[in-house]
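Notes follow once the structure below has been shown.
The values are calculated or read from the model by the stated rules, or taken from the named source; none is laboratory data. From a predicted model like this one, the values you see are computed outputs, not experimental measurements. Because the Cβ atoms are built from the backbone with ideal geometry, glycine has one as well, and the counts that use them run over all protein chains shown.
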Protein chains: 2
Amino acid sequence: MKVGIVGTGTVGRTLAHGFFDKGHDVAIGTRDVDALMARAEPDAMGDPPFAQWRLEHPSIGVVTQPEAMRHGEIVINATAGAASEAALGSGAEHLAGTIVLDASNPIDHASGWPPSLFVANTDSLGERLQAAFPEARFVKVWNTMTAALMTDPGGLAGGDHTIPLCGNDQAAKDEVAELLRSFGWRDILDLGDITGSRAMEAYLLLWLRGMGSFETGMFNTKFVR
Amino acid sequence: MKVGIVGTGTVGRTLAHGFFDKGHDVAIGTRDVDALMARAEPDAMGDPPFAQWRLEHPSIGVVTQPEAMRHGEIVINATAGAASEAALGSGAEHLAGTIVLDASNPIDHASGWPPSLFVANTDSLGERLQAAFPEARFVKVWNTMTAALMTDPGGLAGGDHTIPLCGNDQAAKDEVAELLRSFGWRDILDLGDITGSRAMEAYLLLWLRGMGSFETGMFNTKFVR
């Protein structure tokens, strides 16, 4: 499958690697390819320079954001929440009818500790993006965990934990669930329509607290029932 | 131990039963004892009339809210979030130095579905209550699960799931953790100071979505790490 990933931070890179590893045709998109490749310092999130990662992943296409969206039969939003609407907007014409897996979180990085969200409670980033690109078929997924688990659930407790998702389009959710199963996810929890993003994004507050207590992001919640 | 419970809905009743069952001296407080005992209809939340529950629990004291707070060496807030500050305020003089286990959630019942919170993200009910009663030693706990599990974690999956708590007073949290262990809780997750209430209350949005998907409240999250 042709997979277009928007965003070149840890989430974008990890998902690119995970999909490529399963035999998919992956392109990863950035605002400015030359600038990204020329950067020699870690980025604002502490990720190593992209060019270094690129050396280990020569078969993954590195393209502009709209090119990644054009490439993808499915598109993944792996940008920072505050940048997501602009990033997806740069290739909006490629999103009509396309499944968009939205891994973003509306973290307000200016808020310090404890972190807060720039949209919450009565609205969500997932809903805003679905509203901004009404012909895209958004599925909110992956925003509830550290990147390393997204395509490798077996890396923790043999994969015995839960991945929630939500979205308005049942066929899109079914297709995403099938992809998740191909990565080893066994407990996929459908939380309903895209307003479930309020719950999945609010969970980030708990996740960040958990990370503070565990001193690692290598954990996930299992819905025991 | 003398336990004072404020609130006579499902949470208050279940906790009263659970503590009494462990040999504690329990009083449960309401705004108006006569009115509560005289009520013949289910309450707004669908709980059966209190008088019916009372018949099965003759040794639990039924008193006013301030009397319950005076009674308690520890106090439990089991009121609806919107009513919590007024309820605790009615006996504020009994809260100085007292551990208050706060099980409340700031549910905005006027918001319909999906439900929302009347305080969220950058503030929380837990923080507001701690600020309103600065000499009380609040521990946020139990608000993340259905009442039936609060003092009976073994009722689900042999108790193999997690209970988070937070608060500013470490000694209070240690004492609460000891109480929780007496009920069979094994995975007690300390999320730090009372600002952790933002995370624990926001989780309610996810919990409610989960209840919608599972069609039961008999589930809980386990932090797998």
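Could you say whether any residue in segment B:87-108 is surrounded by fewer than 24 Cβ atoms within 10 Å (Cβ to Cβ), without any contact (Cβ under 8 Å) to a residue 12 or more places away in the chain and among the small types (Gly, Ala, Ser)? No, the conditions are met nowhere in segment B:87-108.
Residues that are outside any helix (DSSP H, G or I) and under 12 Å from the mean Cα position of the chain (by Cα) within segment B:1-20 comprise B:4, B:5, B:6, B:7, B:8, B:9, listed in sequence order. Taking segment A:80-198 and the strands (runs of 3 or more DSSP E) fully enclosed by it, the elements with 1 or more residues that are over 17 Å from the mean Cα position of the chain (by Cα) and within 14 Å of chain B (Cβ to nearest Cβ) are at A:187-190.
Being closer than 22 Å to residue A:101 by Cα and either part of a strand (DSSP E or B) or of a type outside the set (Gly, Ala, Ser) (or both) holds for only one residue in A:45, A:37, and it is A:45.
Screening residue B:217 on (1) touching a strand residue (DSSP E or B) at 6+ places or on another chain (Cβ under 6 Å); (2) of a type outside the set (A, V, I, L, M, F, W, C); (3) more than 7 Å from chain A (Cβ to nearest Cβ); (4) under 21 Å from residue A:191 (Cα atoms) shows it passes everything except condition (1). Any chance segment A:136-145 includes a residue that's surrounded by fewer than 19 Cβ atoms within 10 Å (Cβ to Cβ) and on the phi < 0 side of the Ramachandran plot? No, there is no match, as no residue in segment A:136-145 is surrounded by fewer than 19 Cβ atoms within 10 Å (Cβ to Cβ) and on the phi < 0 side of the Ramachandran plot.
Taking the listed residues B:49, B:42, the one that is surrounded by 14 or more Cβ atoms within 10 Å (Cβ to Cβ) and in contact with a Pro (Cβ under 9 Å, 6 or more places away or on another chain) is B:49, with no other qualifying.
If you go through segment B:189-207 one residue at a time, do you hit one that is more than 23 Å from residue B:134 (Cβ to Cβ) and charged (D, E, K, R)? The answer is no, given that none of the residues of segment B:189-207 is more than 23 Å from residue B:134 (Cβ to Cβ) and charged (D, E, K, R). Restricting attention to segment A:173-202, the residues that are under 22 Å from residue B:200 (Cβ atoms) and in contact (Cβ under 8 Å) with a residue 60 or more places away in the chain add up to 7. State all residues of segment B:19-66 that are more than 29 Å from residue B:184 (Cα to Cα) and touching a residue at least 40 places away in the same chain (Cβ under 8 Å); if no residue qualifies, say none. Listed by number, the list holds a single entry, B:31.
Suppose we filter B:162, B:151 for residues that are under 26 Å from residue B:70 (Cα atoms), at pLDDT 95 or above, crowded, with 17+ Cβ neighbours inside 10 Å and of a type in the set (Ser, Thr, Tyr); which single one remains? That would be B:151, the only listed residue that is under 26 Å from residue B:70 (Cα atoms), at pLDDT 95 or above, crowded, with 17+ Cβ neighbours inside 10 Å and of a type in the set (Ser, Thr, Tyr).
Checked across segment A:74-81, the condition of being closer than 16 Å to residue A:129 by Cβ and surrounded by fewer than 21 Cβ atoms within 10 Å (Cβ to Cβ) holds for at least one residue. Anything in segment B:48-62 that is not aromatic (Phe, Trp, Tyr) and not in a loop (DSSP other than H, G, I, E, B)? List them, or say none. Residues satisfying the conditions are B:51, B:52, B:54, B:55, B:56, B:61, B:62. Just one of the listed residues (A:47, A:102) is modelled with pLDDT of 95 or more and charged (D, E, K, R), namely A:102.
Tallying residues that are over 16 Å from the mean Cα position of the chain (by Cα) and more than 8 Å from every other protein chain (Cβ to nearest Cβ) within segment A:199-214 yields 1. Considering B:93, B:41, the condition of being out of contact with any strand residue (DSSP E or B) (no Cβ under 8 Å at 6 or more places or on another chain), acidic (Asp, Glu) and within 15 Å of residue B:136 (Cβ to Cβ) is satisfied by B:93 alone.
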